[in-house]
Amino acid sequence: MITSVLVANRGEIACRVFRTCRELGIRTVAVHSDADADALHARVADTCVRLPGAAPGETYLRGDLVVQAALAAGADAVHPGYGFLSENAGFARAVRDAGLVWIGPPPEAIEAMASKTRARELMGLKPMGQVTEADLPVLVKAAAGGGGRGMRIVRRLADLDAELAAAREEAANAFGDGEVFVEPYIEGGRHVEVQVLADTHGTVWTLGTRDCSLQRRHQKVVEEAPAPGLSEQLTDELYALAVRAARAVDYVGAGTVEFLVAGGRAHFLEMNTRLQVEHPVTEAVFGVDLVALQLRVAEGHALEAEPPRARGHAVEARLYAEDPANGWAPQTGRLHRLDVPGVRLDTGFTDGDGIGVHYDPMIAKAVAHAPTRAEAVRGLAGALERAVIHGPVTNRDLLVRSLRHEEFTSGRMDTGFYDRHLAALTEPAPDPYAPLAAALADAHGRSRFGGWRNVPSQPQVKRYAMNGEEHEVRYRHTREGLAADGVRVVRADASLVVLETDGVRRKFAVARYGDQVYVNATALTALPRFPDPTAHLAPGSLLAPMPGTVVRVADGLTAGSAVTAGEPLLWLEAMKMQHRISAPVTGVLTALHIEPGQQVEPGMLLAVVQET
């Protein structure tokens, strides 16, 4: 019997595994980097072990340190979670060699499927040869790992070498393996996968399908189970291929076989030999706890002959600290408040936690389950819309709009969804009354009566930044309380403002953290009444959109270089992803303020391009 489990991971998945362990009476052990010393997963575990020495981005890749931590803490089993070392056969062997239980598939199965090139051979698929114009577009993919890292779409042959180099570098940084390969890129396909679970007694379950077509940068954003609109024949084919893949490597434990579905045909992508991020939708539909089943299988128990029956539909949305309208740039800062009512929420954060630069920017996964797809989608969209999220910019509004988009609600989405609709889905829709509500709440909070005058006087003025624009609002103190033109102020206190227009009352929940103000789902920044006239930037200034490290500057680029609009100038690495910074206009680079290896902060001046 397993009595103590170390999770070789962090954040949401570590907290998720700990939850099941607690329910089963199993002790929990967390490991953490120095950057994660006060992270939620480290706080909630029964025992916590620091992983010394390595840089924060590399700490969880040190299998030797993780094994030492498990032995020191008295753990008798290791759960790898997802990402990091979860699909590392060498780590699985090291865990077993140390006398610990490995909660995952055999190292040999991981090895067979860990390399996408070898997995394709195992499934009888031939590698792509020399790429020509006729082959375009193609997809460059990392042979190891996933999550969109080391992956590039190439539409011009002239771009292939540069994209191969970038993919190799990104894959090496993320997975310690720079091998990449090229395969045809299928336009308009759907990303569909099958959950499998196998025991040591020869039983292999298929636990339905999932659709994960809504993706940004080849990383999933919205997932659901079952995949909508598949024929019974195609579904049976997917199940058969998934079982075939599992049996081909004598698979044990939870795994996922992924496909691209287009034109009624299934194209094998890969097998992920671990628990998937989106596993909660399968749990909801089948009424199972996949982590608990992983533990049972690891203890040698046999599965039932047949899996449970599926019931209803489930949808999951990944809430990220990122700005979809700004190249999906990851965001950092303090998460003051997180509350998503009415749905399952898997997260590695709680109120007051900081979101740093070293790891993936996912804040949480929100999951809704209902008897029908339409009800599940509506419920999740409503829960996210009502959610209280105070902190860095997130993709919350994008998720709500995506879930309500006709292409998604009708089940006609594919992996190009955001390529087609991102601009419309990120169009600002500011609440025109949010600045006034913020001002009225602030006025009440500062002084209830201090602004009132016996004779009429000039109105009070406050300024806010909202969606990149400045808004000036005016209000007055009267005998009856606060007042503003065009609306009736029904109530105004520090946390709630009620305004009435044309007989309709609207409520505005207000929260303030320093100069940051949140009015319902709208974020504002309080500005000084009299702006600094000396604060300005030269036209063509390029500012860092996120904190990160300069990993590369374009070859030969120096002050005085001629550049073309859209031409890549430099690359920033943040959260294991490389982000390209391009020239905004055609002109001359008049200043270059950075060099490779330099750390930058958001808003830092990187370069200046003077338009010609």
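Just one of (1) over 30 Å from Thr426 (Cβ atoms); (2) of a type in the set (A, V, I, L, M); (3) assigned to a helix (DSSP H, G or I) fails for Ala284. It is (1).
Please indicate, with yes or no, whether at least one residue in segment 587-602 is touching a Lys or Arg at 6+ places or on another chain (Cβ under 9 Å), outside the structural domain of Gly57 (by TED's automatic domain parsing) and assigned to a strand (DSSP E or B). Reasoning before the result, please.
Start the filter on segment 587-602 by keeping residues that are touching a Lys or Arg at 6+ places or on another chain (Cβ under 9 Å), which leaves 596.
Filter once more, keeping what is outside the structural domain of Gly57 (by TED's automatic domain parsing): 596.
Okay, now just the ones that are also assigned to a strand (DSSP E or B), so none.
The answer is no, given that none of the residues of segment 587-602 is touching a Lys or Arg at 6+ places or on another chain (Cβ under 9 Å), outside the structural domain of Gly57 (by TED's automatic domain parsing) and assigned to a strand (DSSP E or B).
State whether the residues of segment 350-359 include one that is without any contact (Cβ under 8 Å) to a residue 40 or more places away in the chain, under 30 Å from His32 (Cβ atoms) and touching an Asp or Glu at 6+ places or on another chain (Cβ under 9 Å). If you could, list the steps in order and put the result at the bottom.
Taking segment 350-359 as the starting set, the residues that turn out to be without any contact (Cβ under 8 Å) to a residue 40 or more places away in the chain are 351-352, 354-355.
Now restrict to residues that are under 30 Å from His32 (Cβ atoms): 351-352, 354-355.
Narrowing the set further to residues that are touching an Asp or Glu at 6+ places or on another chain (Cβ under 9 Å) leaves 351, 354.
Yes; the residues of segment 350-359 include at least one that is without any contact (Cβ under 8 Å) to a residue 40 or more places away in the chain, under 30 Å from His32 (Cβ atoms) and touching an Asp or Glu at 6+ places or on another chain (Cβ under 9 Å).
Please determine whether any residue of segment 208-224 is among the small types (Gly, Ala, Ser) and at pLDDT 95 or above.
Yes: segment 208-224 contains one or more residues that are among the small types (Gly, Ala, Ser) and at pLDDT 95 or above.
Thr564 fulfils the conditions (1) among the polar types (S, T, N, Q); (2) out of contact with any Gly (no Cβ under 8 Å at 6 or more places or on another chain); (3) closer than 26 Å to Asn326 by Cα; (4) surrounded by 13 or more Cβ atoms within 10 Å (Cβ to Cβ) except for a single criterion, (4). Selection of segment 317-331 for residues being of a type in the set (D, E, K, R) and crowded, with 22+ Cβ neighbours inside 10 Å yields Arg318, Glu322.
Within segment 101-147, being in contact with a helix residue (DSSP H, G or I) (Cβ under 9 Å, 6 or more places away or on another chain), surrounded by fewer than 16 Cβ atoms within 10 Å (Cβ to Cβ) and in a helix (DSSP H, G or I) holds for Glu108, Arg118, Glu133. State yes or no: is Gln233 out of contact with any helix residue (DSSP H, G or I) (no Cβ under 6 Å at 6 or more places or on another chain), surrounded by fewer than 17 Cβ atoms within 10 Å (Cβ to Cβ) and more than 20 Å from Pro308 (Cβ to Cβ)? For Gln233, the condition - out of contact with any helix residue (DSSP H, G or I) (no Cβ under 6 Å at 6 or more places or on another chain), surrounded by fewer than 17 Cβ atoms within 10 Å (Cβ to Cβ) and more than 20 Å from Pro308 (Cβ to Cβ) - is met.
The residues in segment 7-24 that are at negative phi and part of a helix (DSSP H, G or I) can be counted, and the count is 12. Scanning segment 225-236 for residues that are over 24 Å from Asn395 (Cα atoms) and in a strand (DSSP E or B) yields a count of 0. The listed residues are Thr415, Thr426, Thr409, and the only one of them that is in contact with a Ser or Thr (Cβ under 6 Å, 6 or more places away or on another chain), modelled with pLDDT of 90 or more and among the β-branched types (Val, Ile, Thr) turns out to be Thr415. Please verify whether Asp38 is of a type in the set (D, E, K, R) and part of a loop (DSSP other than H, G, I, E, B), treating the condition exactly as stated. Considered against the rule, which asks whether it is of a type in the set (D, E, K, R) and part of a loop (DSSP other than H, G, I, E, B), Asp38 comes out as yes.
Against the condition aliphatic (A, V, I, L, M) and either surrounded by 17 or more Cβ atoms within 10 Å (Cβ to Cβ) or not in a helix (DSSP H, G or I) (or both), how does Leu399 come out, does it pass? It is true that Leu399 is aliphatic (A, V, I, L, M) and either surrounded by 17 or more Cβ atoms within 10 Å (Cβ to Cβ) or not in a helix (DSSP H, G or I) (or both).
Scan segment 569-586 for residues that are part of a loop (DSSP other than H, G, I, E, B) and either of a type outside the set (Ser, Thr, Tyr) or loosely packed, with under 14 Cβ neighbours inside 10 Å (or both) and the total you get is 5.
The values are calculated or read from the model by the stated rules, or taken from the named source; none is laboratory data. Keep in mind it's a predicted model, so treat the numbers as computed, not measured. As a convention, Cβ positions derive from the backbone with ideal geometry for all residues, glycine included, and neighbour counts pool all protein chains shown.
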